[in-house]
Structure formats: structure tokens, C-alpha cells
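A.B. asks: Take this structure first; my questions come after.
The values are calculated or read from the model by the stated rules, or taken from the named source; none is laboratory data. Since the model is a prediction, treat every value here as computed from it, not as a measurement. Please note: Cβ atoms are built from the backbone with ideal geometry, for glycine as well, and neighbour counts cover all protein chains shown.
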Amino acid sequence: MQDLQEVFQRLQENKKKLKDLKASYRDALLTSQQYVEVSDELKVFKEKKKEIENVTRGQFAAEFMQIEDLKIDLASDMELISDIALTQIMKGETVAVKDEYENEYEPIIKVNFKKSA
């Protein structure tokens, strides 16, 4: 099995390479006059689209309140289901749920690292 620190270092190096490659690609695009012109046109269209969306959103104010409430409920329930599943896993219990079509779902455990203070 590979060493955790070695894999972490490789990840860091590859992230830096990817960032550098993306930056050089972005710079090359910005030197293209055609790209700049199309980007400017796209900004205008995005602004028009946003105006249309805002007018329509005003007409559906009640529905958008429901959407926001449902988003909050979904986020809360996702956190709750994660907490319940993790508790069951720590107790050594089998964790699985089924949907209305009897499809079984198993939890996926994911580990992330963040820089410590």
C-alpha cells in the first residue's frame, strides 16, 4: 500500500500542474480577438437572460418561496440521513435504504482533508 504522504504530495503537484495548464490556456484564449468579441456578446445575452428570468421570477414569487423552503428541507434531511447512517455504521449495524422501486442504496463514506490552522 502506498504511503499517505506520498500520495498527498503527488496530488498537490498534479493540482499545481493542472492550474498552470488551465492558466496558460486561458491566457491563449484572451489573446484571440474573436474569443474576446464572442465573450462580450455572451455577456450581453446573459444580462438579457437574467432580466427575463427576474421578470418571470416576480410572477412566480410563491413558487420560488416553496423552492427555497424545499432546498432548506432537503439540505437538513441530507445532513440528518448522513448522521443517522454514520451512527449506525459506528454501532456496527448494516446500513441500507430502499426507494419506491425497491432499489437498494448503500452509503458511501468520503474522507476530505483541509488545511489545519
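A.B. asks: If Glu47 satisfies every condition in (1) assigned to a helix (DSSP H, G or I); (2) over 21 Å from the mean Cα position of the chain (by Cα); (3) at pLDDT below 95 but one, which is the exception?
C.D. replies: It fails just one condition, (3).
A.B. asks: Among the numbered criteria (1) in contact with an Asp or Glu (Cβ under 9 Å, 6 or more places away or on another chain); (2) surrounded by 10 or more Cβ atoms within 10 Å (Cβ to Cβ), which single criterion is violated by Lys98?
C.D. replies: Tallying (1) in contact with an Asp or Glu (Cβ under 9 Å, 6 or more places away or on another chain); (2) surrounded by 10 or more Cβ atoms within 10 Å (Cβ to Cβ), Lys98 fails exactly one: (2).
A.B. asks: Look at Glu104 and say whether it is charged (D, E, K, R) and touching a Lys or Arg at 6+ places or on another chain (Cβ under 8 Å).
C.D. replies: Yes: the conditions hold for Glu104.
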